[in-house]
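Novice: Take this structure first; my questions come after.
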Amino acid sequence: MSRVDLQTLNAPQRAAVLHDSGPLLVLAGAGSGKTRVITYRIARVVSGGVDPARVMAVTFTNKAAGELRQRAAQLVGQGARTAWIGTFHAICARLLRQHGQAIGLPASFQIYDGADQRALVVQVMREISLPERLFVPAEVLGRIDRAKNEGIGPRDFRGGDFFGDVVAKVYPAYERRLQAANAVDFGGLLLRTLELLRQETTLAEALAERFVHLLVDEFQDTNHVQYELVRLLSGRHRNLCVVGDDDQSIYSWRGADIRNILDFERDHADAAVVTLEQNYRSTQTILDAASAIIARNSERRPKRLFTAAGPGAPIIYAPCEDERSEAAFVAHAIARLRQEEGLPYDQCAVFYRTHAQSRVLEEALRARRPAIPHVVVGGVRFYDRAEIKDVLAYLRLLANPTDDLALQRIINEPPRGIGSATLAKISEQARLDGSSALAAARACATGTGELSSGPRAKLAAFCTLIDELSAAAATLPPSALAELVLERSGYGARLASDPGPDGEARAENLLELIGSLRAYEAQSEAPSLPGFLEQAALAGDLDETPEEHGAVTLMTVHGAKGLEFAHVFIVGLERGVFPHARSLDDPQQLEEERRLAYVAVTRARQRLYLCHARRRWLFGQQQVNAPSEFLTDVPRRLLQTESAFSGHAAAVTPRGAFDRSGVRGAARGATRPAGARGGGDQAEERWVDSDEDFDQSAGASDELTTNFRIGMRVRHAKFGVGSIRMIGGTPPHLNLTIHFGEVGPRTIRSEFVLPL
DNA sequence: AGTCCTCTTCTTTTT
DNA sequence: GAAGAGGACT
């Protein structure tokens, strides 16, 4: 291993790299050189004589896979190219393309992304007349996805509860539709691969024989199906190296099961375990803060990060009046860093819990005198933009004529006079014939059905268009085909004739699409339309992180995993924002939020800024939130408060005052006629308005009053306004007063005193 | 059939 | 505050 210098590794890292054979668990704390261990290990295995083509390394994101591939190539040279390095989804797609026929999947199958899945669920629900008002399609889909992640196919799915029984009706129909469209969804890529390996045991054995070494990155994020896949593929040689950090498990909502890493030793009795605790990234101060946050979780392997670096600068705590001054603070601080320390912008990053928070920050960065260059990573995926999806739908239909979803998307896009009435006839025809929508459209256009001549001619014209394009698809490279689609469909012309402000942006996006098609053709060995569509479907929204662009990076905490920056700002540290409101009443979800906070904090190398806003405009409403517990968990000695900014922070909400206009349900509900449609029923909302700065709250006074609104549903009346008082003394008591709004002349009000 | 407007709903995180 | 659905109007 010529270029692998073991001397640069610390003892446990070296142990992990040199571990010979058998299962290996590497518990890698944040910033402990995890990627290095993986790449060095690959290099060592290869230099030890193993054919790189017999090494598989699996990651979760395309970004991580790309980095791994690149760094492996640096160490082993071009031979690394033949190694199987990719995301679970990409590797499964590859296996299914090669061998999927055995389970009835044509090699040209399509990959449906989240949007496609949702559309499909809506269709199925309409088909079996499930009211969307009652059953939210996204939740139905969520349940289906969860089942898939747990390895439960449509046949094995049992509802178990009221909602589950509804899902049990949708799931099989949904799966049938997928099959009919020759499509596989994200979960299906994994589940069907598992199905394939279980059914085709010869194939499974051959693959297990082939892959001498299997490495899995971010093992804490594996779900049950992924775990099984790994188990099967590594079953022959048992050289399974899993790397992960239970404290950084932040994808349980996607089916990740933290138990996979916590129980690895139980499942592999002879597993070697290496723990990497030395951190090479952050200052001790930052690590202390991170430890203080994560220490409150119960489900974790105890470990303690340490660093040889000194304590470094204190963490800046910035309480702000509202989200705008919070954003202004961030912009101000970055500008100052730039001015006083000459810090490059790309050394700074701002993390938030949800994408919705990025807007204010962008505005604030743009508003500064010399505007601060910035990049927002993630958000709307490129391939999710409407115009891109439209053109892709044409391409998909050409690649796969049974893709009904694609047909429906473009049959009247651009408008060509084919409306809902015609569409209904087509789907009726498709149902009668048991054919695809495109075939049914052809039948309607040529047959003597009850379609009147006008629509029929329009439909015929559309069919001719598709025929013409399919003929071209046989000979043209994908990029030329896309151009032809734009030209012949009239899509390009329509876009050109629409010079709206974002019309230009959309035209640009289409050019970029053509560009990415060309890039794909240049870089791929055997470019094909299905190949490109696969790449597009599997592309994530944060695949390329432009760190070299000299710009401040704005992203969600989820997007930040695996990255590091010299200066990190975490904004919106408020109860209800981060931790997210939906996690507040579930201890397990709260633990995940905590891990998320841990991930955020450990991204910082030198300086960390923790911000929160007292008031925030959210849901189009002014809200008042208490500081996040993740903030208050950080020991005071690590913090330096910076409230001098803009003077707003000094303003304290008068005790007991509560802006009536902020009371959404009470104000609106009162004016709404009784018995109006029940659609307005809201999910529960809660947040707390604290009068006290959290800095002073502990011990400073024995009485603390906060106002709050609580949401509850009592028939159609909702929401209360109230106050909560902590009464000192031993034992301490809570005084809870709730106004349930006015009913006629009466105020409904309740008061409780609760011992703690 | 298409367009425009209003009303409603919903907001986590993503391969 | 945005996007989607549904309704009314052209």
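Bear in mind these aren't lab numbers, they're just calculated from the coordinates by the rules spelled out. All values derive from a computational prediction rather than experimental measurement. Note: ideal-geometry Cβ built from the backbone for every residue, glycine included; neighbour counts use all protein chains shown.
Novice: Place the peptides A:240-251, A:142-153, A:297-308, A:426-437 in order of packing, highest mean first, counting for every residue the other Cβ atoms within 10 Å and averaging per peptide.
Specialist: The most tightly packed comes first, giving A:240-251, A:142-153, A:426-437, A:297-308.
Novice: Apply the Karplus curve 6.51 cos²θ - 1.76 cosθ + 1.60, θ = phi - 60°, to the phi angles in segment A:332-347 and return the couplings in whole Hz, x for Gly and Pro.
Specialist: Once θ is set to phi - 60°, the couplings for segment A:332-347 become 4, 5, 5, 4, 5, 4, 5, 5, 7, 10, x, 6, x, 4, 6, 8 Hz.
Novice: Determine ³J(HN,Hα), in whole Hz, for all residues of segment A:90-97 in sequence, where each value follows from phi through the Karplus function 6.51 cos²θ - 1.76 cosθ + 1.60 and θ = phi - 60°; x replaces Gly and Pro.
Specialist: 5, 5, 5, 4, 4, 4, 5, 5
Novice: Let me ask another. Report the relative contact order of segment A:441-521, percent, no decimals, based on alpha-carbon pairs under 8 angstrom and at least 6 residues apart.
Specialist: 23
Novice: Report relative contact order for segment A:3-81 in percent, whole number only (criteria: Cα-Cα under 8 Å, sequence separation at least 6).
Specialist: The normalised contact order for segment A:3-81 reaches 32 percent.
Novice: List the residues, sorted by chain then number, that are 5 or more residues from A:Ala566 or on another chain and whose placed amide H is less than 5 Å from its amide H.
Specialist: For A:Ala566, the qualifying residues are A:Arg605.
Novice: Ok, one more. I need the peptides A:80-89, A:589-598, A:107-116 ranked by packing, meaning the mean over residues of other C-beta atoms within 10 angstrom, with the highest value on top.
Specialist: Working: A:80-89: 20.9, A:589-598: 22.8, A:107-116: 18.9.
Ranked by mean Cβ neighbours within 10 Å, highest first: A:589-598, A:80-89, A:107-116.
Novice: Measure up A:Lys34/A:Lys389; A:Lys425/A:Lys458; A:Lys169/A:Lys458; A:Lys148/A:Lys303 against 25 Å on the Cα-Cα distance and list the ones that go over.
Specialist: A:Lys34/A:Lys389; A:Lys169/A:Lys458; A:Lys148/A:Lys303, as the Cα separations exceed 25 Å there.
Novice: OK, next. Once phi is turned into ³J(HN,Hα) by the Karplus curve 6.51 cos²θ - 1.76 cosθ + 1.60 with θ = phi - 60°, what whole-Hz value does each residue of segment A:282-288 show in order, with x for glycine and proline?
Specialist: 9, 7, 4, 4, 5, 5, 4
Novice: Further, regarding this structure: Just to confirm my numbers, what's the Cα centroid distance between segment A:69-97 and segment A:251-288 in Å?
Specialist: Using only Cα atoms, the two centres lie 24 Å from each other.
Novice: Using Cα-Cα distances under 8 Å and only pairs 6 or more residues apart, what relative contact order does segment A:92-205 have, in percent?
Specialist: 38
Novice: Give me, ordered by chain and number, the residues 5 or more places off A:Asn400 or on other chains with an amide H under 5 Å from its own placed amide H.
Specialist: none
Novice: In debye, nearest 20, what is the charge dipole magnitude of segment A:397-511 about its Cα centre with +1 on Lys and Arg Cβ and -1 on Asp and Glu Cβ, if you could check?
Specialist: On the way: 10 positive and 14 negative charges, 77 e Å.
Roughly 360 debye for segment A:397-511.
Novice: Moving on. Starting with the highest mean, order A:160-172, A:46-58 by the number of other Cβ atoms within 10 Å, averaged over the residues of each peptide. Write out the running numbers ahead of the final one.
Specialist: Details: A:160-172: 15.8, A:46-58: 18.2.
So the order, starting with the most tightly packed, is A:46-58, A:160-172.
Novice: Amide H of A:Asp245: which non-local residues (sequence gap of 5 or more, or other chain) have their own amide H closer than 5 Å, using H built in the peptide plane?
Specialist: A:Ala28, A:Phe219, A:Gln220
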